[in-house]
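Q: Okay, here's the structure, questions in a sec.
The values are calculated or read from the model by the stated rules, or taken from the named source; none is laboratory data. Quick caveat, the model's predicted, so the values are computed rather than measured. Don't worry about glycine lacking a Cβ; one is built from the backbone with ideal geometry, like all the others, and counts go over all protein chains shown. Side chains are part of the model used for accessible areas, which takes the heavy atoms of the whole protein and leaves out ligands, DNA and RNA. Shrake-Rupley method; radii C 1.70, N 1.55, O 1.52, S 1.80 Å.
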Amino acid sequence: MLSIPVNLGLPRVPSLVTSLPGPHAQAIIERDRAVTSPSYTRDYPLVVARGEGCMVEDVDGNVFLDMTAGIAVTNTGHAHPEVIAAIQAQSANLLHMSGTDFYYEPMVELAEKLASRAPFPAGAKVFFTNSGAESNEGAIKLARYYTKRSQIVAFLGAFHGRTYGAMSLTASKVVQRQNFGPFVPGVTHIPYGTHASLDYLEKHLFPTILPPQEVAAIVVEAIQGEGGYIVPEDGFLPRIREICDRYGILMVVDEVQSGMGRTGRLFAIEHWGVMPDIITIAKGIASGLPLGAILSRPELMTWPPGAHATTFGGNPVACAAGIATLRLLESGLMANALQMGELLQTGLTQLHEKFPRLSLPRGKGLMVAVDLWDEEGNLDRNLRDRIIQEAFLRGLLLLGCGKAAIRFCPPLVIDSNQIHIALDILSDILSS
């Protein structure tokens, strides 16, 4: 087992020593404004210097409890010693040799491990990418190539990325699409997560404007991420599988945010016992290094050499981190995600009973969200945003999603004491 002595000495609880943002953070933010794109979304003025486990420290020495994991990326925690050791060892031998043109063992080893764990009956074929958006771009190409069909069904509220193919599937927020058209043609969106939506697809769209014989794929998130951490109705995902089987359509499951152990299973789709045709992953696959993958049933990946390729996808250092990450997930972190997720949902349920403007929680494992409501029972985005800002000022890092939801997606190394700290901070905010 890989191990090196890494202990940054960060406290395991929030510790604020300056006003926020502190002077060093303010200076860096000013430098950032002068040179970086305004399209970045910065929810609050956090300037991170280092991280360890579930804690991050800013450039002024303030320490925060991180319930974001870099948007569900650092599943093994910040600076896990075994991941760092794998990165260091691989970096000393080989930083890059494009897997498009040549071979190296870390890429093969990680592909073997992912293929053996994919929920397909006969293993999988793997194509490595740099990101979730790139994984979804490739999945669109593969589905169209294999089926020789052009149409794609996606869902309202979906987020699959911001590159053109992925953006054409995305239907989460208007700002992500406004003024960027025309989009990749052949995409039809329907509401997510309900049997009524699938009824509409079969009874109204298929007989009129969307011949099922021309549909290459239905692309669906196992749990909708940016759309609000929405868990679909029972039977929704199995029914998509049935529709796909009936019409020869491929079922593409986007596990970019929900995958790699976050829900307590390696892939969230496993909670429903459904076998997709293609799975896309990224985020938590390599504990923070840029890596993604497309997993498909072996018989689907028939495209010839040169049909799809990448210079950096499957980089040897990223793959080494991915191997260490997978080992850690399977040696206890997925089990911890289930236990801590249950504790988190229990605590949030108790907060709902005390503060009815906070909804009951939803989610699986450590992919959990609550909505905020106003006194008339409408979703209250302003209240949600104020709570996130106030949490930052108290040393707790949170992110929003959906229309008025707070998402909880901490590193999977989080412990019960840190769960209670987060709940206590949230309770104090709601009481103020």
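Q: Using r as the Cβ-Cβ distance of residue 382 and residue 150, and R0 as 51 Å, what FRET efficiency do you calculate, to the nearest 0.05?
A: 0.75
Q: Please list 271-282, 27-38, 186-197 highest first by mean number of surrounding beta-carbon atoms within 10 Å per residue. Provide the component values of the computation, followed by the final result.
A: Working: 271-282: 23.0, 27-38: 9.8, 186-197: 16.4.
Highest-to-lowest ranking by the protection proxy: 271-282, 186-197, 27-38.
Q: Here is a further query. Step through the residues of region 195-209 one at a time and calculate ³J(HN,Hα) from phi using the Karplus curve (6.51 cos²θ - 1.76 cosθ + 1.60, θ = phi - 60°), rounding each to whole Hz and writing x for Gly and Pro.
A: 5, 4, 5, 6, 4, 4, 4, 7, 8, 10, 6, 4, x, 10, 10
Q: If I model a spin label as a point 7 Å beyond the Cα along the Cα-Cβ vector, how far apart are those points for residue 183 and residue 43 in nm?
A: For residue 183 paired with residue 43, the spin-label model returns 2.4 nm.
Q: Then there is this: How are the alpha carbon pair distances in the chain distributed across 10 Å bins from zero to the largest one, expressed in percent?
A: Over the chain, the share of Cα pairs per 10 Å bin runs 5, 21, 31, 27, 13, 3, 0 percent.
Q: Of 208, 143, 420, which is farthest on the positive side of the dipole of the chain, counting Cα position, with +1 on Lys and Arg Cβ, -1 on Asp and Glu Cβ, and the Cα centre as origin?
A: Working it through, the farthest residue towards the positive pole turns out to be 208.
Q: With point charges of +1 on the Cβ of Lys and Arg and -1 on the Cβ of Asp and Glu, referenced to the Cα centre of region 351-432, which listed residue (406, 356, 429) lies farthest in the positive direction of the dipole?
A: The Cα lying farthest towards the positive end belongs to 406.
Q: Check cross-link reach from residue 173 to the lysines: straight Cα distance under 28 Å, and skip same-chain residues fewer than eight apart.
A: Excluding near neighbours in sequence, the set is 141, 203, 283, 364, 403.
Q: Rounded to the nearest 20 Debye, what is the dipole magnitude of the chain about its Cα centre when Lys and Arg each give +1 and Asp and Glu each give -1 at the C-beta?
A: 680 debye
Q: If packing is taken as the average number of other Cβ atoms within 10 Å across a peptide's residues, how do 159-167, 127-135 rank, most packed first?
A: 127-135, 159-167
Q: Something else about it: Just need log10 I(q)/I(0) for region 291-372 at q = 0.14, 0.20, 0.27 Å⁻¹, Debye formula, equal scatterers on the alpha-carbon atoms, no solvent, rounded to two decimals.
A: The computed values of log10 I(q)/I(0) come out as -0.74, -0.93, -1.19.
Q: Shifting gears a bit: So how do 15-26, 283-294, 358-369 stack up, highest first, on mean other-Cβ count within 10 Å?
A: By packing density, highest mean first, the sequence is 283-294, 358-369, 15-26.
Q: Between 389, 188, 339, whose Cα lies farthest towards the positive end of the dipole of the chain when Lys and Arg beta carbons carry +1 and Asp and Glu beta carbons carry -1, centred on the Cα centre?
A: Farthest towards the positive pole: 188.
Q: Take the Cα coordinates of region 209-325, assign each an equal point scatterer, and use the Debye formula without solvent to give log10 I(q)/I(0) at q = 0.10, 0.18, 0.20 Å⁻¹.
A: -0.35, -1.03, -1.18
Q: Now for a different question. Span-like helices, the chain: DSSP H, alpha-carbon axial extent 24 Å or more, mean Kyte-Doolittle -1.0 or greater, which ones?
A: 334-354
Q: Can I ask one more? For region 185-192, in order, what is each residue's ³J(HN,Hα) by Karplus, 6.51 cos²θ - 1.76 cosθ + 1.60 with θ = phi - 60°, in whole Hz (x at glycine and Pro)?
A: Computed from phi, the couplings for region 185-192 are x, x, 10, 10, 9, 10, x, 9 Hz.
Q: Of the accessible area of the chain, with the probe set at 1.4 angstrom, what percent is carbon plus sulfur?
A: 54 percent
Q: Can you grab the distance from the C-alpha centre of region 136-178 to the C-alpha centre of region 280-331, Å, no decimals?
A: A separation of 20 Å, based on Cα centres.
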